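Below is one structure, written out as structure tokens, with a few remarks after it.
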Amino acid sequence: MSKPNTLWSWFWMIVGGLYFFLPLLATFEFSLKARKGVYSFLAYERVFADPLFLRTFIFSLEMAVFTALAGILLIFPTVYWIRLKLPQLRGLIEFVSMLPFVVPAIVLVFGLIRVFSGAPFFLTNTFAGTNILLIAAYVVLTMPYLYRSIDTGLQAIDVRTLTEAAQSLGAGWGTILFRVILPNVRVSILSGSFLAVATVMGEFTIASFLVGIRAFGPYMSLVGQNKTYESSSLAIISFALTWAFIGLIQLLNRGRVQTQIAGAH
Amino acid sequence: MTYLLLSNLSKYYGNTLAVENFNLEVERGEFVSFLGPSGCGKTTTLRMVAGFEVPDQGNILLEGEDITYLAANQRMVGMVFQSYALFPNMNVADNVGFGLSVRKMPAEQIRQRVSEILKIVQLEDLQKRYPYQLSGGQQQRVALARALAIRPRVLLLDEPLSALDAKIRVELRAEIRRIQQELKITTVYVTHDQEEALSLSDRIVVMNKGRIEQIGTPFEIYNYPQTEFVASFIGQLNLIPVQVVDREGGLYRIGGQTIQVEQNHRTPLSSQPKLAIRPEEVKLGQVEGWNQLTALVRQVSFLGAIVRIWLEVEGVSLLLDVFNERKLVLPKVNEKVVISFPHHACWVL
């Protein structure tokens, strides 16, 4: 009975693998055809030689790192406090955290521009102001990933008892948060952060309306419109970047399974 | 002066009563247990002492200082939890030294204190281990050491042995008592396990439905229960409906058989009086000068150190415990036997 089941499992795995990898392989193969008649990395060389590539990449990376930091500072204490003191609000917070999936990015960015272009904010009048607005928008956009990761991490530990144990030993809120709780959800926070960074690096809609070609997403779009082979190489680079982040998450999660020594006392 | 005073404490969750009018005086170095079934308010009371719950009424005084509204991290009260609550990211030494590092004690002094306290709980060789590398019993010893390291004014233990298996529970129980007596630390212990409370405590507070049923030494609680709840909650108890023949003379009737009770009037007689007697007070056979009843053997269970015999007296079941010995002759099921118990060993509720 088990043999046909195994065969079907392999069949569906191969079908799924082909579905995901064939377009990727085709794109990769196409990106190597920049030089007529031979396979080469010419398209990649051209991309890396373009000063705009590095500039937009670094800008988006900076935005991504600030987004992750701001998101952690906002979401980690909030989720902790809700788990500890206001568990009845968990449903509402979960709903709010899902809103970025429901509200299209274009609606979000037009709303931000409309509100923060005029008095009393005038954020879009300066580069710094626009960058702040971009980070704020990205914090909202990446909230589902960070919230889910941090909430799952906190679910795995007994937040209430650990907090009370630390309190009974004389610890204040800062000590509890940063010496007791944070180290125990570090991996979850990093996982969420990498997802946030990966999302921000490839984001197009918000970036193109707020900062235009300064960000990596709009740059990739521009290249895609004008340069055939380079756009394919950028797609591959973007994939590689995302996979590198996923690989890092896996690396951090490895060895987390801890088993209790049974019987000994 | 009373060391720890809980005065008229009451706590409600919405309309639900958790603790009502709780009064207790604990002396310095005393070991007091809160004993009762789940939901009786024992943990809530302990949490009020720890500072994790604020009472709706009443006061908590520690060494004369009113700590009712003092934050938990300023009370200098050590707490041991049922789930150990060790910090998973810290090794044993860091866990034990946490409270000291919070108080900004120099590192060398922390190291010394941690070693001292780990020696007391017999874990000095496991300083570098992480909680997940320890067994349940070891984790609870670390939790105890961590609570003791700060030299708390009161040690609070919330069902600390419930998650452990029976053998380790008994061992650790003896160790907790030894350490408590060695350090002479005032201790409040919450448990639903009567054996634990009886073996550990100087005094026991028996609680039910948020109220104190009785406060007394283990001997008093077991031998002189003041309410039917205490009598039936602590140990095994036979309760047999009786008719009053002569209350002043202590004469009662079970069916057609008359018994004499050494009367005490600690509790008022209820409308449906019952004779209360512990199974170990009832003996098989006739004993001169004791109450005697005829009974039918319904079941005999061998429990190792004791043999429990289920009897039927005038249609009511009654338990009898006999110490096991090699030459013991046990009655057979459905055999008619005579049982005896002394006048002073029973009472009427």
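Read-outs throughout are calculated quantities, based only on the coordinates presented, and are distinct from any laboratory measurement. Note that the coordinates shown come from a computational prediction; the quantities given were computed from them, not determined experimentally. Cβ placement follows ideal geometry from the backbone for every residue including glycine, while neighbour counts extend to all protein chains displayed.
So the values come out like this:
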| read-out | value |
| --- | --- |
| Matching helices (runs of 4 or more DSSP H) fully within the stretch A:81-180 where at least 3 residues are hydrophobic (A, V, I, L, M, F, W, C) and within 14 Å of chain B (Cβ to nearest Cβ) | A:159-168 |
| Counted residues, the stretch B:266-320 - those being of a type in the set (D, E, K, R), closer than 20 Å to B:Val230 by Cα and not in a loop (DSSP other than H, G, I, E, B) | 3 |
| Residue that is surrounded by 11 or more Cβ atoms within 10 Å (Cβ to Cβ), touching a residue at least 40 places away in the same chain (Cβ under 8 Å) and not β-branched (Val, Ile, Thr), where the choices are A:Phe101, A:Phe121, A:Phe116, A:Phe110 | A:Phe110 |
| Whichever residue in the stretch B:119-159 is farther than 22 Å from A:Glu164 by Cα and among the aliphatic types (A, V, I, L, M) and, among such residues, is farthest from the chain's Cα centre (by Cα) | B:Leu126 |
| Only one of A:Leu74, A:Leu61, A:Leu24, A:Leu54 that is without any contact (Cβ under 8 Å) to a residue 40 or more places away in the chain and assigned to a helix (DSSP H, G or I) | A:Leu54 |
| Test: residue in the stretch B:32-43 that is surrounded by 18 or more Cβ atoms within 10 Å (Cβ to Cβ) and part of a helix (DSSP H, G or I) | yes |
| Residue in the stretch B:188-201 that is more than 16 Å from the chain's Cα centre (by Cα), away from chain A (no Cβ under 12 Å) and touching a residue at least 24 places away in the same chain (Cβ under 8 Å) present | no |
| Unmet criterion (only one of (1) within 14 Å of chain B (Cβ to nearest Cβ); (2) within 16 Å of A:Ala68 (Cα to Cα); (3) crowded, with 23+ Cβ neighbours inside 10 Å) for A:Val187 | (3) |
| Positions within the stretch B:45-102 being part of a strand (DSSP E or B) and within 10 Å of chain A (Cβ to nearest Cβ), in sequence order | B:Val77, B:Gly78, B:Met79, B:Val80 |
| Of residues in the stretch B:130-151 being assigned to a loop (DSSP other than H, G, I, E, B) and within 9 Å of chain A (Cβ to nearest Cβ), the one farthest from B:Asn95 (Cα to Cα) | B:Ser135 |
| Counted residues, the stretch B:103-126 - those being assigned to a helix (DSSP H, G or I) and either farther than 22 Å from B:Leu156 by Cβ or at the interface with chain A (Cβ under 9 Å from one of its Cβ atoms) (or both) | 11 |
